[in-house]
1. Which one of these does residue C:164 not meet: (1) away from every other protein chain (no Cβ under 14 Å); (2) farther than 30 Å from residue C:58 by Cβ; (3) of a type outside the set (A, V, I, L, M, F, W, C); (4) in contact with a helix residue (DSSP H, G or I) (Cβ under 6 Å, 6 or more places away or on another chain)?
2. If we keep just the residues of region C:48-99 that are touching a His at 6+ places or on another chain (Cβ under 9 Å) and not in a helix (DSSP H, G or I), which is surrounded by the most Cβ atoms within 10 Å (Cβ to Cβ)?
3. Test each condition in (1) among the aliphatic types (A, V, I, L, M); (2) under 22 Å from residue C:53 (Cα atoms); (3) under 16 Å from the mean Cα position of the chain (by Cα) for residue A:297 and report the one that comes out false.
4. Considering region A:613-662 alone, what residues qualify as being buried (at least 18 other Cβ atoms within 10 Å of the Cβ), among the aromatic types (Phe, Trp, Tyr) and assigned to a helix (DSSP H, G or I)?
Amino acid sequence: MSGADLWHLLFGKLSADALPFYSAIAATAAGVVVCGALGAALLITWLGRWRYLWREWFTSLDHKKIGIMYVVLSLVMLARAVVEACMMRMQQAVAFDSAGFLPPDHFAQLFTTHGTIMIFFMAMPFLTGLINFVMPLQIGARDVSFPMMNSVSLGLTTAGAGLMMVSLVLGKFSTGGWSGYPPYTELGFNPGVGPDYWIWAVTLSSLGSTLTGINFAVTIYKRRAPGMTLFRMPLFCWTALCASILMIFAMPPLTVATALLACDRYLGMHFFTNSLGGNMMNFANLFWLFGHPEVYILILPPFGVWSEVIANFSAKYLYGYRSLVYATMAIAVLSFTVWVHHFFTMGQSADVNAAFGIATMLIGIPTGVKIYDWMLTLFRGRVRFTVPMLYALAFLLLFPLGGLTGILLANPAVDYQVHNTLFLVAHFHNMLIPGLLFGMLAGYHYWFPKAFGFRLDEVWGRIAFALWVAGFVLAFMPLYALGLMAMPRRTDAFFEAAYLPYTLVAAFGALLILAALVSLCVQVWVSVRRRRETEVFAGDPWNGRTLEWATSSPPPDYNFAVLPQVEGRDAFWLMKQDGRAYRTPDRYEDIEVPRNSAMGPVVGMAGAAAGFALVWHIGWLAIIGVLTMGGALIARSFVRHTTRTIAADEVRRIEARWRDAVAASPGVTRDDETTPANRGHAAMEVA
Amino acid sequence: MNRRDDYRRELRAYLTGLGLAVVLSVLAFGAVGLAEGVPGAISRSTVVWTIGLTAAVQVVVHFRYFLHIDLTRSKRDDLQLILFSALIVLLMVAGTLWILGDLRDRMMAVL
Amino acid sequence: MNAQGRNYPGINLDHEPQTHAEAEEKVFGFWVFLMSDLVLFALLFATYATMTGATAGGPSGGDVFELKSTMIETGLLLASSFTFGMASLEIKYGGKGRLFAWLAVTLLFGALFLGFEWRDFATMIAQGAPPSRSGFLSAFFVLVGTHGLHVTAGCVWIVVMMAQIAVFGTARDVKIRMLRLGLFWHFLDIVWIAIFSVVYLPGLVR
């Protein structure tokens, strides 16, 4: 065996060429990743926190901790994807009649990673994290139905995110866009490792999301507290349920699409190739069978957040609760009937396009119902302009704009005109930033005190809010105009002088968004430093209405010492009205909670190793990775003691400490919510 | 009802399921075998219809006798789940066939 | 909860109420997973259906499928579904020895099925019909192969369950796992009905 053969056996296609020394920008990016990872590892070692992280976080099966880890992951990935967005906007600002600073190949990698990360590694983990943290508390459960699977889902998602980060250091990423269309991602066009990175990163995360969807749906069906009928659930749980159902049914098409593409690339098959019977239009069809429901997986949970935030900060029952539920269900079902609108121009007949165009417009109806319901919830409410509420108001103004442009695009004739232009980019960012991202940030501000026991700084929250809104408007409104002026999306350079003013404004907007992101970091820093002033251990800082506020902040491991008896909608609000809140139960019982397990990290690491090995064709490592995943599952099934018991006395002590804190905290009126007077115990006020 | 009766009842269900499944499979395979063995004995469309119908019935038989799903006694959650899944599968498969069939007719008819 | 204790779909294994409560959640979860898997298969079927004409001058189904082999495979899988049913009855009513025997027979049928499928694939490849020959053959191999992979996983699962029964006896969690394995195994037989009815038989009709 020659040296080259041995090298290939051990390291596959890896070689020194994989290192990013071909361009200064790529080398810098790789340097940031490597230094960031090393820096974090060194910091943890220096602080001696590895054991703590492993025991309290990585191996924890507590839904609250898993939820927080999901959100942390998504914020890290958000930072990378925002930086990439800024680089693209800068490129388009300077690349008039010149090549700019990014070569086309690099620009194509950037828009691919930006989209892939924002969808799969920012939005999905963020909403999964929020649902994970909030939903079991809201339905009065002690955990999700399958806590170990929850940890495995997180492991798989993190493995995918890890592959994305590794792709910055070793090799080049795909240039085929986040939707990975062949022929750009076929072997014939791109024989490199980029599309393989995309395939395995996305596959890992989609497997994780499928499991998550199953877990959430079963939890909501089977773990509700006594009296918590489906129609008494907070709306966030309804949207979580519908999003979970969408995950269960919409993730498989993605898995099929990526797996078949992998068959083409690895086994020489002909699903989407140009020759021997392959048909790339099959890919578009499969991808969007996933892709469209995915859009609603992304938008429904924020709709739930808006429902909670708007009702809570208006101090009113949600207006039109049932109509909101039915609208959510209608959107969930309709979302499976509209996927063709992503490829109206593929060449099918006008009949097909018309049917799917009409179905698309129909979705506007339930969404419109929701907007009106939220506005009517505000009407004559006791509205407080806290940070989540500010985001909600921005959403109510900006989101319908995006929705209306969506209705325009639903018309195939119009779609033909603006297809593949920046108009489309403006449209979906207009949906996803005010809709999804603002929703997630509102949820983050709203539930942060529940998770950590202190409130986030209001001033920096407002600064970040202002920057997000201004940044969004400046960055994306010009893109509508550019789209109508026929500027194609994914263009790395242009020669039309009329575009220039708009691209300059958009670049400025992107910088504001970067500043908004920095403000969020500053906010965390400031809030942590001042956490004593904003401590809300008593658990109810916003005069809450739903069950998550009926626990201490942060909630104990077991969530509820006694499962709450639910008498109606807005369960905690009713308890406070009837004087049933904070009542000491007659007796406490032993509580079983899931014991820690290394399954999540093990499966995650094995998955990442297998993915990496497949990307670089390292056979032995791929086999070891896959066998480790399977072996771990089988080994786990032989473990008998998967729970630990919290003794009744321990529960009594924990609960007594919390009740004492509630009793010691003066009731705070809604006017003083954002002042240090707020210790997490709401005063009873009329309505 | 004692355990012995229970056991017999359940055993009978499995045996019924097996019997029906065998008959249905034999019908489908027999139709194909007949078409192959005796040219002209049976038209292609009859064979295809036979295959389709026996398959549909056999799926129901398996659900009923092996998976123990039926319309009256299953819990609503589970039945809803299966029916909803059937709806989604129908939408996806029918849509796919419609769209790609249409595309083929328009773009690849010459091949 | 009626007298027959039919609390969740699938085989009701036990008479203890606590088993029911725990099984209800886990079995429902497994049903949800199966439905997700069903979508995966449905899309492979749809892809196959759109590619039946994409033979690119290579062999079509009628050229390479074998009626006899398909029939044997169908019989084996159906028989294994029945023997698994017998194993389920043994968990509920009978003893460990006969449970083992029925599981072993099920495993044998499953393995034989895989053997025949493997032989089919090898014959096709030898006849110049490998998956890389045409879009049609790619779709065929991936659809039928995915089912085969599921059956393989099911066989491994049966072995694991035999080990668990040997070690733990028919404890509650073992019973609930057997329930889910049963759903999986019967589900795969249903997918096979679709495979011979959509892929093999229509391919063989001229």
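The values are calculated or read from the model by the stated rules, or taken from the named source; none is laboratory data. What you see is a predicted model, and the numbers here were worked out from it, not measured in a lab. Positions of Cβ are backbone-derived with ideal geometry, glycine not excepted, and every protein chain shown enters the neighbour counts.
1. Among (1) away from every other protein chain (no Cβ under 14 Å); (2) farther than 30 Å from residue C:58 by Cβ; (3) of a type outside the set (A, V, I, L, M, F, W, C); (4) in contact with a helix residue (DSSP H, G or I) (Cβ under 6 Å, 6 or more places away or on another chain), residue C:164 violates only (1).
2. Checking each candidate, the answer is C:54.
3. (2)
4. Result: A:658, single match.
Yes/no matrix, rows are residues, columns are (1) at pLDDT 95 or above; (2) surrounded by 22 or more Cβ atoms within 10 Å (Cβ to Cβ); (3) among the hydrophobic types (A, V, I, L, M, F, W, C):
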{"residue": "A:236", "(1), (2), (3)": "yes, yes, yes"}
{"residue": "A:253", "(1), (2), (3)": "yes, yes, no"}
{"residue": "A:257", "(1), (2), (3)": "yes, yes, yes"}
{"residue": "A:267", "(1), (2), (3)": "yes, no, yes"}
{"residue": "A:277", "(1), (2), (3)": "no, yes, no"}
{"residue": "A:280", "(1), (2), (3)": "no, no, yes"}
{"residue": "A:285", "(1), (2), (3)": "yes, yes, no"}
{"residue": "A:312", "(1), (2), (3)": "yes, yes, no"}
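Here is a yes/no grid of residues against (1) crowded, with 22+ Cβ neighbours inside 10 Å; (2) at pLDDT below 95; (3) closer than 22 Å to residue A:78 by Cα; (4) in the same structural domain as residue A:86 (by TED's automatic domain parsing):
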residue	(1), (2), (3), (4)
A:446	yes, no, yes, yes
A:451	no, no, yes, yes
A:464	yes, no, yes, yes
A:484	no, no, no, yes
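Residue-wise test of (1) surrounded by fewer than 17 Cβ atoms within 10 Å (Cβ to Cβ); (2) out of contact with any Ser or Thr (no Cβ under 7 Å at 6 or more places or on another chain); (3) without any contact (Cβ under 8 Å) to a residue 40 or more places away in the chain.
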{"residue": "A:328", "(1), (2), (3)": "no, no, no"}
{"residue": "A:334", "(1), (2), (3)": "no, yes, yes"}
{"residue": "A:349", "(1), (2), (3)": "yes, yes, yes"}
{"residue": "A:354", "(1), (2), (3)": "yes, yes, no"}
{"residue": "A:362", "(1), (2), (3)": "yes, yes, yes"}
{"residue": "A:365", "(1), (2), (3)": "yes, yes, yes"}
{"residue": "A:370", "(1), (2), (3)": "no, yes, no"}
{"residue": "A:389", "(1), (2), (3)": "no, yes, no"}
{"residue": "A:395", "(1), (2), (3)": "no, yes, no"}
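Residues checked against (1) farther than 21 Å from residue C:72 by Cβ; (2) at the interface with chain C (Cβ under 9 Å from one of its Cβ atoms); (3) touching a strand residue (DSSP E or B) at 6+ places or on another chain (Cβ under 6 Å):
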| site | (1), (2), (3) |
| --- | --- |
| B:28 | no, yes, no |
| B:31 | no, yes, no |
| B:41 | yes, no, no |
| B:44 | yes, yes, no |
| B:69 | yes, yes, no |
| B:78 | yes, yes, no |
| B:83 | yes, no, no |
